[in-house]
Amino acid sequence: MRIRAAVAAELPLLQDIERAAGEPFRSLGMAAIADDDPPSLEALEAYRRAGRAWVAADAADRPVAYLLTDPVDGAAHIEQVSVHPDAARRGVGRSLIEHLAAIAEKEGLRALTLTTFAEVPWNAPYYARLGFRPLADSDPSLTEGLRAIARAEASHGLAAWPRVCMCRDLAKTP
């Protein structure tokens, strides 16, 4: 698996990956998540142009997963990470996250952050295995930017299921 920047011509493939990655939510009674539209081509292009969209590509250089990130309060916030079910359970998502962690460390960012479903096995429990910790309301790592993201997600209906903000501190450089 090769991690590389997304290219414009493959943005529709990222939408396909998102749709496929959403399907397993249906079996958890979360059809609204499975039916949710993927990011628009315009949104994906904005991430690509900003250098904040990466793909994991297979041997034929075809994307099987992608990650989008935003800078939020001195951290690299994982806006979206999606793996096509055909490529699941092979460390593809982990590779994308580790790629982002290396970039964030080089840029001097303090952490990786994300918001996710607390009780979906391939969400919060998975991220905990990758070194992320849930953030309590009193945790100083729960910044105003993360709180704003959580509020925006709730306003879009995601609060119908338990959600959590998570953080993975990055190595400090001297």
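The values are calculated or read from the model by the stated rules, or taken from the named source; none is laboratory data. None of these values were measured; they are calculated from a predicted model. Every residue, glycine among them, receives a Cβ derived from its backbone with ideal geometry; neighbour counts consider all protein chains shown. The area values use the complete protein model at the heavy-atom level, side chains included, leaving out ligands, DNA and RNA. Shrake-Rupley method; radii C 1.70, N 1.55, O 1.52, S 1.80 Å.
Residues are listed down the side, and each one gets a yes or a no for (1) among the basic types (Lys, Arg); (2) out of contact with any Ser or Thr (no Cβ under 7 Å at 6 or more places or on another chain); (3) modelled with pLDDT of 95 or more:
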| position | (1), (2), (3) |
| --- | --- |
| Gly29 | no, yes, no |
| Ala50 | no, yes, yes |
| Ala65 | no, no, yes |
| Ala75 | no, no, yes |
| Asp86 | no, yes, no |
### Message
Quick test of your reading of the structure: Glu23 fulfils all but one of (1) under 15 Å from the mean Cα position of the chain (by Cα); (2) more than 17 Å from Phe132 (Cβ to Cβ). Name the failing condition by number.
### Response
(1)
#### Entry: Residue check for Ala148: over 16 Å from the mean Cα position of the chain (by Cα), farther than 14 Å from Gly74 by Cβ, surrounded by fewer than 11 Cβ atoms within 10 Å (Cβ to Cβ) and aliphatic (A, V, I, L, M)
no
### Residue list for region 101-145, filter: part of a loop (DSSP other than H, G, I, E, B) and under 22 Å from Trp54 (Cα atoms)
Glu107, Gly108, Leu109, Arg110, Trp122, Asn123, Leu130, Gly131, Phe132
### Query
Here are Leu67, Leu96: which of them is in a helix (DSSP H, G or I), surrounded by 21 or more Cβ atoms within 10 Å (Cβ to Cβ) and not aromatic (Phe, Trp, Tyr)?
Leu96
### Message
Which pairs turn up if I take residues in region 88-100 that are in contact (Cβ under 8 Å) with a residue 40 or more places away in the chain and look for partners that are open to solvent by 80 Å² or more (accessible area, probe 1.4 Å) with beta carbon separation below 7 Å, at least 6 apart in sequence or on another chain?
### Response
Val92/Met1; Ser95/Met1
### Query
Among the residues of region 75-93 satisfying the criterion of being open to solvent by 40 Å² or more (accessible area, probe 1.4 Å) and in a loop (DSSP other than H, G, I, E, B), which is farthest from Gly22 (Cα to Cα)?
Arg90
### Query
Does Val120 fit the bill of being among the β-branched types (Val, Ile, Thr), surrounded by 15 or more Cβ atoms within 10 Å (Cβ to Cβ), touching a residue at least 40 places away in the same chain (Cβ under 8 Å) and touching a helix residue (DSSP H, G or I) at 6+ places or on another chain (Cβ under 8 Å)?
yes
### Query
If Phe25 satisfies every condition in (1) aromatic (Phe, Trp, Tyr); (2) modelled with pLDDT of 95 or more; (3) in contact with a helix residue (DSSP H, G or I) (Cβ under 6 Å, 6 or more places away or on another chain) but one, which is the exception?
(2)
